[in-house]
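The values are calculated or read from the model by the stated rules, or taken from the named source; none is laboratory data. Nothing here was measured: the structure is a model prediction, and the numbers come from that model. Don't worry about glycine lacking a Cβ; one is built from the backbone with ideal geometry, like all the others, and counts go over all protein chains shown. Accessible surface areas use protein heavy atoms only, side chains included; no ligands, DNA or RNA. Shrake-Rupley method; radii C 1.70, N 1.55, O 1.52, S 1.80 Å.
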Amino acid sequence: GSDGTLYQIDSGTAVSKKTGLANGRAESIEFNNNTIFVPSGANVPFSWNGSSASDLSITLSDSVNANTLTGVHAHKNRVYYWTGDSQNFYHSATVDTFQGNFTKFPVGLVGTFGGNIIMINTLTIDGGEGVDDLLCIIMTSGEVLLYSGSNPSSDFALVGTFRIAEPINEKRAIAKLGGDVIVMTKEGYLPLSQVVRQDIVGNKAAAISEKIRGTVISQVKATGTSTGWQIFVSPDGDKVYFNYPTGEPDPFNQHVFNPIIRAWCVFENIPAHVSGQFNGDTFFGSASGVVFKVTGDADNGENIVGDLATAYNYFGDRGGVKRFSSVQPMLEGETDVVFSFGVGVDQAPVAAIDVSPVTFQSNLAAWDTATYDDFFWADTTGAGVTKRRKAVNRLGYSSALRIKVATSTQTISFISAHYTFAPGGPL
């Protein structure tokens with residue numbers, strides 16, 4: 001969506017499919033072989049069946065205008081809509097339908113902290129005799145309401161009300177990650193599975209962003225009311241993007257979480273106004289109306305720059321000073337790896353760790369030069385692994401390694417680092 005028009009892109013050409021929208025922003029779900037769009041403006045929700053768009057005929061039981069709906073979610077074959085400025089949601093009278101009559105369900109009578117509905121999602125939990133899906137309703141105040149059942153008119157039961165830090169006021173600041181639901185809040189990125197087991201203080205410690213908590217809290221404080229916050233899980237499942245507005249000329253960055261090793265990094269200056277997936281690839285739309293595909297080893301033809309710093313390590317002795325004489329990083333690439341690195345001591349800021357460029361040749365075999373049994377063939381496991389040692393001569397209690405690399409031709413992995421140091425006593 002861009003500038004009030006819905007486009008379809010199958011190749012390099014965008015084809016207009018629906019015009020006259022208030023803007024290019026909408027929330028959407030996949031339901032019953034259709035994509036249901038709820039525009040963020042004075043437009044009625046519409047469906048897309050793969051070839052054409054059709055406005056939906058929706059009648060709300062309290063006579064609220066369907067043009068004011070801003071959110072949509074599908075749960076147990078039933079569609080739920082909400083406006084974002086009330087404590088009510090609307091559910092379909094029958095399953096497997098996304099238009100017709102919708103009944104109001106007020107939650108203000110069970111909530112205790114107030115606020116309006118900002119997000120609705122589905123939380124999967126282990127019920128003891130198998131898993132169960134709960135409808136999860138999140139209020140702007142941070143109150144979370146969990147309901148079991150499949151029909152709000154007959155078998156809904158309130159499982160409980162819980163409290164988290166106030167969520168970011170953005171419907172896209174929530175996503176499913178496996179059976180869990182992740183929410184962006186003022187105290188970090190929180191998995192809701194922790195809500196049912198801990199109080200609000202415990203929730204802070206359980207946030208998956210605990211390792212970068214200060215960074216997240218500062219960013220939410222700076223730009224938490226701006227548009228552009230979104231959680232997006234990559235199609236391959238090995239990256240979770242937490243998109244946020246920077247407030248700078250380069251409008252967006254992403255905190256990126258690896259759920260496999262639970263490590264974090266930041267992608268800078270990627271103008272992702274909104275992200276989505278298609279045919280197993282990640283795409284994002286920029287504020288200028290250009291759609292980008294995230295793939296390969298290059299950044300739109302330019303180098304991808306990586307800047308990594310390990311945690312400071314006391315090597316088992318916090319009270320003893322050490323003389324770090326050398327360090328041997330191990331990296332893996334497809335060809336020779338050119339990178340810069342340096343060593344910091346005693347909690348020096350990462351930016352203060354000086355790096356110097358070094359070229360480490362890989363162990364790939366060079367024809368008529370390599371010796372037998374010492375080098376790897378290019379198509380064998382271990383090809384491209386580089387291990388070289390560099391003298392550093394630093395004195396301190398703890399040490400960290402910083403590595404910078406830039407490439408547009410290969411994928412480079414940092415495997416490990418081996419330090420040589422002489423232990424000493426306290427000073």
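On the given criteria, is Thr380 part of a loop (DSSP other than H, G, I, E, B), modelled with pLDDT under 60 and either in contact with a strand residue (DSSP E or B) (Cβ under 9 Å, 6 or more places away or on another chain) or over 20 Å from Asp297 (Cβ atoms) (or both)? So Thr380 passes the test. The single condition among (1) open to solvent by less than 50 Å² (accessible area, probe 1.4 Å); (2) closer than 30 Å to Leu401 by Cβ; (3) at pLDDT below 90; (4) not charged (D, E, K, R) that Gly319 does not satisfy is (3).
Restricting attention to the stretch 407-416, the residues that are open to solvent by less than 50 Å² (accessible area, probe 1.4 Å) and hydrophobic (A, V, I, L, M, F, W, C) total 1.
Give the residue that is farthest from the chain's Cα centre (by Cα), with candidates limited to residues of the stretch 209-261 that are under 19 Å from Val294 (Cα atoms) and of a type in the set (S, T, N, Q). Here the residue is Asn253. Screening Phe292 with (1) of a type outside the set (Lys, Arg); (2) buried (at least 17 other Cβ atoms within 10 Å of the Cβ); (3) over 19 Å from Ile182 (Cβ atoms) gives one miss only, at (2). Contact map, the stretch 68-89: first residue of a type in the set (Lys, Arg), second residue in a strand (DSSP E or B) and open to solvent by 30 Å² or more (accessible area, probe 1.4 Å), Cβ cut-off under 7 Å, separation 6 or more or different chains; pairs are Lys76/Asp133. Within the stretch 314-330, residues that are outside any strand (DSSP E or B) have Cβ atoms under 9 Å from residues that are of a type in the set (S, T, N, Q) in these pairs: Tyr314/Ser398; Tyr314/Ser399; Phe315/Ser398; Phe315/Ser399; Arg318/Ser398, counting only partners at least 6 apart in sequence or on another chain. Can you tell me which residue within the stretch 331-347, out of those that are outside any strand (DSSP E or B) and in contact (Cβ under 8 Å) with a residue 60 or more places away in the chain, is least open to solvent (accessible area, probe 1.4 Å)? The selected residue is Gly333. Here is the figure for the stretch 299-320: residues that are farther than 14 Å from Glu268 by Cα and either in contact with a helix residue (DSSP H, G or I) (Cβ under 9 Å, 6 or more places away or on another chain) or among the aliphatic types (A, V, I, L, M) (or both) total 2. Consider the stretch 267-283 and keep the residues that are in a strand (DSSP E or B) and in contact (Cβ under 8 Å) with a residue 40 or more places away in the chain. The one that is farthest from the chain's Cα centre (by Cα) is Asp281.
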